[in-house]
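Novice: The following block contains the structure, expressed as structure tokens.
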Amino acid sequence: MFIDKVKITIKAGRGGDGSISFRREKYVAAGGPDGGDGGRGGSVYVEVDGHLSTLRDIHYKRHYAAGNGAPGSGKKFYGKDGDDIVIRVPRGTVIYDAESRLVIQDMSLLPENEKFLLAKGGRGGWGNKKFATPTRQAPRFAKAGLPGQSCEVILELKMLADAGLVGFPNVGKSTLLSVVSGAKPKIANYHFTTLTPHLGVVHVREEQSFVLADIPGLIEGAADGHGLGHDFLRHVDRCRLLIHVIDVSGSEGRDPLKDYHAIMAELQAFSPELAARPQLIAANKIDLIPAAEGVHPGIPNEFIQAMQAMGHQVFPVSAATQQGVRELVSAAMEALGDLPPIAMYESQTAVAGVSLGTPEDTEIVKEGEDLWLLSGIWLSHLCANVNFDDYESRMYFNRTLQRFGIYEMLEKQGVQEGDTISVYDIEFVYEI
């Protein structure tokens, strides 16, 4: 199964909490604090794998979570770092933020074997050893680990090809690819034979080659989701040159000029910039046209005139007999020499960091006559950093609420002396 677009959820690991510990050893007086730091949370990386050509493996696993860091322990032992995870993708994959649709990273820009940090693990918390000072020699508190980054992203595979074959089904695109390269697409005389894009390397002359993509047949309405073409239009996004394959033999009762305009309308609907790319016209299946003389034997004059009026070169070819194919390939190589490199996507955003909130985001809800419930990301993290069994830690908690205006917010909402304040699992009586 060919899968070229998936949405996944990623979550980096949380940092381990710092340890509250004191050295207790025979013959060692006043050993002091020796709590170690928590381990770093695992990160999520993305790496290009040259052996992959589809996002199928990722399609079946939509959630990726790195390991959490282990908490610190006594004897100044640091906690173990969380395990990183690596998501392997084909070259040409573009990573988008699922919410904003902005580009996070085009994996084609990275060198081989270089990993892209998609979500960073949280920092481990400090153990109580870090808080020892000459005046505070026995700190009974430590710092909690920070959460890792998390988000939803879309992975989209856009094939890396210099030129792309476009056209209606059954016009000979797969046959043309097979005779100019080593690619082996499925070929048969019915519509939608090709169900997946194929790539082939076309060798023109010594040390001269380009990559050619066979895009599954488009039909009218493809840009609106009809048929198969809509699913694969993204694969011509990077193509610098389009080779428009058209059946000029009339073997299926089709009008070549109408076919051209129908395909161009779909490309225009999908991306005006794509429709404006340079084109070569491969007038295919001339072997089915009765013998005739002239530069374009047997091809309708109105079709030739219309193409030339738009500035397109027309190449009479027969992919089945390879007639005119060499001329088409040489012209494509020459045109590519004057065109800019394959399009890459510059990063437009980064994975958002984990917000610890602000005191202004604190939610205050009154329950009954004298109970006030406080909640918020900032408060949750503050509580994780406080040892409520320790007097000094409780005083720090009280000073922090006062310094950041939480008590003032409560007073504005009508809190009275003697009311109960509940902050998650902690309750205390409000006093003026």
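Novice: Once you place label points 7 Å from the Cα toward the Cβ at residue 334 and residue 100, how far apart are they in nm?
Specialist: Computed distance between label sites residue 334 and residue 100 equals 4.6 nm.
Novice: D for the chain, whole µm²/s, Stokes-Einstein with Kirkwood Rh over alpha-carbon pairs at 4 °C and 1.567 mPa s: what number?
Specialist: The estimated diffusion coefficient comes to 49 µm²/s.
Novice: Something else about it: If the limit is 29 Å between Cα atoms, which of 75/115; 129/412; 5/173 go over it?
Specialist: Violating the 29 Å Cα-Cα cut-off are 75/115; 129/412.
Novice: Now for a separate question. To the nearest 10 degrees, how steep is helix 391-403 against the longest Cα principal axis of the chain, on a 0 to 90 scale?
Specialist: The angle comes out at about 60 degrees.
Novice: Under 17 Å between alpha carbons, and skipping anything fewer than 8 positions from residue 258 in its own chain: which aspartates and glutamates qualify?
Specialist: Candidates past the 8-residue exclusion: 220, 247, 266, 302.
Novice: Going by C-beta contacts inside 10 Å, put 318, 108 in order with the fewest on the left.
Specialist: By the 10 Å Cβ count, ascending, the order reads 108, 318.
Novice: Would you kindly derive the ³J(HN,Hα) couplings of region 413-420 from the backbone phi angles with the Karplus curve 6.51 cos²θ - 1.76 cosθ + 1.60 (θ = phi - 60°), listing them in order in whole Hz, with x for Gly and Pro?
Specialist: 8, x, 5, 10, 4, x, 5, 9
Novice: What distance in nm lies between label points placed 7 Å from Cα along the C-beta direction at residue 429 and residue 56?
Specialist: 7.0 nm
Novice: Restricting to Cα pairs below 8 Å that are 6+ residues apart, what does the relative contact order work out to for the chain? Please round to a whole percent.
Specialist: Relative contact order of the chain: 14 percent.
Novice: Sticking with this one: Quickly work out the residue 412-to-residue 27 label distance, labels modelled 7 Å from Cα along the C-beta direction, and quote it in nm with one decimal.
Specialist: So the two model labels end up 6.3 nm from each other.
Novice: Further question on the same structure: Run down the aspartates and glutamates and flag those whose C-alpha is under 17 Å from the C-alpha of residue 11, throwing out any fewer than 8 positions away in its chain.
Specialist: 47, 81, 83, 84, 97, 99, 152
Novice: What's the angle, to the nearest 10 degrees (0 to 90), between helix 256-270's Cα axis and the longest principal axis of the chain?
Specialist: Once rounded, the angle reads 10 degrees.
Novice: For residue 136 and residue 265 in one chain, what is 0.36 nm times their gap in residues minus the Cα-Cα distance, to one decimal in nm?
Specialist: 38.9 nm
Novice: If each residue's Cβ is checked for other Cβ atoms within 10 Å, how do 395, 107, 264 rank with the fewest at the top?
Specialist: Ordered by Cβ neighbours within 10 Å, fewest first: 395, 264, 107.
Novice: If you put +1 on each Lys and Arg Cβ and -1 on each Asp and Glu Cβ, how big is the dipole of the chain around its Cα centre, in Debye rounded to 20?
Specialist: 1640 debye
Novice: Provide the gained length on full extension for the span residue 422 to residue 350, in nm with one decimal, where the gain is 0.36 nm per separating residue minus the Cα-Cα distance.
Specialist: Additional length available on full extension: 22.2 nm.
Novice: Sticking with this one: Find out how many positive minus negative residues lie around residue 204, taking Lys and Arg as positive, Asp and Glu as negative, among other residues whose Cβ is under 13 Å from that of residue 204.
Specialist: -3
Novice: Just to confirm a number: summing +1 for Lys and Arg and -1 for Asp and Glu over residues other than residue 79 whose beta-carbon lies under 12 angstrom from that of residue 79, what do you get?
Specialist: Here the charged neighbours net out to +2.
Novice: A follow-up question, please. What does the extension gain come out to for residue 320 and residue 389, with contour length at 0.36 nm per residue minus their alpha carbon separation?
Specialist: 16.4 nm
None of the figures in this text is laboratory data; all of them are computed from the coordinates on show. Predicted, not measured: the structure shown is a model, and the values here were computed from it. Counting neighbours? That spans all protein chains shown, and the Cβs are built from the backbone with ideal geometry, glycine included.
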